[in-house]
Amino acid sequence: MGQVCPVVAPLGHRHLRHATISHGKGRGAPTEFPDLSYLPPEMAISILSHLSATELCLAGCVNEYWQQLADSELLWRGLCYSDWGDIDSFLPDEYHPTSYKRLYMLMDDGASLFNGDIENGITFLINNSVVGPTDRHIGCFLHESQSLHADKVLKFLEDRPGVLDEQVSLLEFEDVFLPDALRKFFTEVPAPKVRGDFLQQLVTKFSHRYFICNPNMSLTQGQSVILTCLEFLGIGEPSSTCSDTT
């Protein structure tokens, strides 16, 4: 994770001081907790590592020393990976962040823009070197992000089949029971609300990926995957499934 950024703790205090929190009437004695200013920097940063990005920003507003702690690259690097997944998979090639806090804020702003205006969001992410320009980079970003609205992702994938192909290629279905694999697929790729050609395209892409992940299936079984999926979704004919299943 790298080195803890140097933070100068206040001098002249050899004992921990405590802040007091009152629980109000009838809730027992007040609770005391150590002020981070009187803890070793490594311990203070360990405590702050349990905060969310919003909470960390608020902690930095307490005083100048807390702000130094809250700006630790160690903390923001951890948040980037915990909240945004494998960021290395979608960052531009050969790109090395100079500030993980700035990177986190850019990812958050880009996701918010995407949820409002898809193209503006993607353009913002690419122009700010948050996401690489290729379909592979964008597919990885969609795969890792948990904060994008499903309807926006679906609309984007309808317009960008290359990105859809890259996203599907990231899914693993080896030895996964077919209905469970299908549920996993539509958790990753939002299902259209109405039946139509795009839904059938998604089923076909899922079937091909499922067959690739399970190469020991026969051709007849591979065809049966598509038919079973269509029947499972209620858009196929049960008789076709039965006749092609081995």
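The values are calculated or read from the model by the stated rules, or taken from the named source; none is laboratory data. Note that the structure is a prediction, hence the values are computed from the model and not measured. Virtual Cβ from ideal backbone geometry, glycine too; neighbours counted across all protein chains shown. Quick note on the areas: whole protein, heavy atoms, side chains included, nothing else; ligands and nucleic acids left out. Shrake-Rupley method; radii C 1.70, N 1.55, O 1.52, S 1.80 Å.
Scoring Phe198 on the criteria (1) aromatic (Phe, Trp, Tyr); (2) surrounded by 17 or more Cβ atoms within 10 Å (Cβ to Cβ); (3) part of a helix (DSSP H, G or I) leaves a single failure, condition (2). Ala44 meets all of the listed conditions (1) at pLDDT 90 or above; (2) assigned to a helix (DSSP H, G or I) but one, namely (1). Would a scan of the stretch 88-102 turn up a residue that is acidic (Asp, Glu), closer than 30 Å to Asp35 by Cβ and under 17 Å from the mean Cα position of the chain (by Cα)? Within the stretch 88-102 (the criterion being acidic (Asp, Glu), closer than 30 Å to Asp35 by Cβ and under 17 Å from the mean Cα position of the chain (by Cα)), the answer is no, since none of the residues qualifies.
Could you check the stretch 47-66 and list, in sequence order, the residues that are in a helix (DSSP H, G or I) and hydroxyl-bearing (Ser, Thr, Tyr)?
Thr54, Tyr65
So is Val4 modelled with pLDDT under 50, within 33 Å of the chain's Cα centre (by Cα) and part of a loop (DSSP other than H, G, I, E, B) or not? In short, yes. Of all the criteria given as (1) open to solvent by less than 50 Å² (accessible area, probe 1.4 Å); (2) modelled with pLDDT of 85 or more, the one not satisfied by Leu36 is (2).
When the stretch 159-177 is examined, which residues are found to be of a type in the set (Gly, Ala, Ser) and either in contact (Cβ under 8 Å) with a residue 40 or more places away in the chain or within 12 Å of Leu91 (Cα to Cα) (or both)? Reasoning before the result, please.
Pass one, the stretch 159-177, residues of a type in the set (Gly, Ala, Ser): 162, 169.
The one that is of a type in the set (Gly, Ala, Ser) and either in contact (Cβ under 8 Å) with a residue 40 or more places away in the chain or within 12 Å of Leu91 (Cα to Cα) (or both): Ser169.
Inspection of the stretch 226-241 finds no residue satisfying the criterion of being in contact with a Phe, Trp or Tyr (Cβ under 9 Å, 6 or more places away or on another chain), within 27 Å of Gly139 (Cα to Cα), of a type outside the set (Gly, Ala, Ser) and at pLDDT 85 or above. Among the criteria (1) crowded, with 17+ Cβ neighbours inside 10 Å; (2) within 23 Å of Asp93 (Cβ to Cβ), the one Phe206 does not fulfil is (2).
Return the pairs, sorted by first residue and then second, in which the second residue is in a helix (DSSP H, G or I) and modelled with pLDDT under 95, the first residue lies in the stretch 144-158 and is open to solvent by 60 Å² or more (accessible area, probe 1.4 Å) and basic (Lys, Arg), the beta carbons are less than 9 Å apart, and the residues are 6+ apart or on different chains. Between residues of the stretch 144-158 that are open to solvent by 60 Å² or more (accessible area, probe 1.4 Å) and basic (Lys, Arg) and residues that are in a helix (DSSP H, G or I) and modelled with pLDDT under 95, there is no close pair. Against the numbered list (1) part of a helix (DSSP H, G or I); (2) in contact with a helix residue (DSSP H, G or I) (Cβ under 9 Å, 6 or more places away or on another chain), Asp175 comes up short only at (1).
Collect the residues in the stretch 67-99 that are among the aromatic types (Phe, Trp, Tyr), open to solvent by less than 40 Å² (accessible area, probe 1.4 Å) and assigned to a helix (DSSP H, G or I), keeping them in residue-number order. Full working, then the answer.
First, pick out the residues of the stretch 67-99 that are among the aromatic types (Phe, Trp, Tyr): 76, 81, 84, 90, 95.
Filter once more, keeping what is open to solvent by less than 40 Å² (accessible area, probe 1.4 Å): 76, 84, 90.
Trp76, Trp84 - these are the residues of the stretch 67-99 that are among the aromatic types (Phe, Trp, Tyr), open to solvent by less than 40 Å² (accessible area, probe 1.4 Å) and assigned to a helix (DSSP H, G or I).
Look at Val62 and say whether it is within 30 Å of the chain's Cα centre (by Cα), open to solvent by 80 Å² or more (accessible area, probe 1.4 Å) and either at pLDDT below 85 or more than 28 Å from His96 (Cα to Cα) (or both). So Val62 passes the test.
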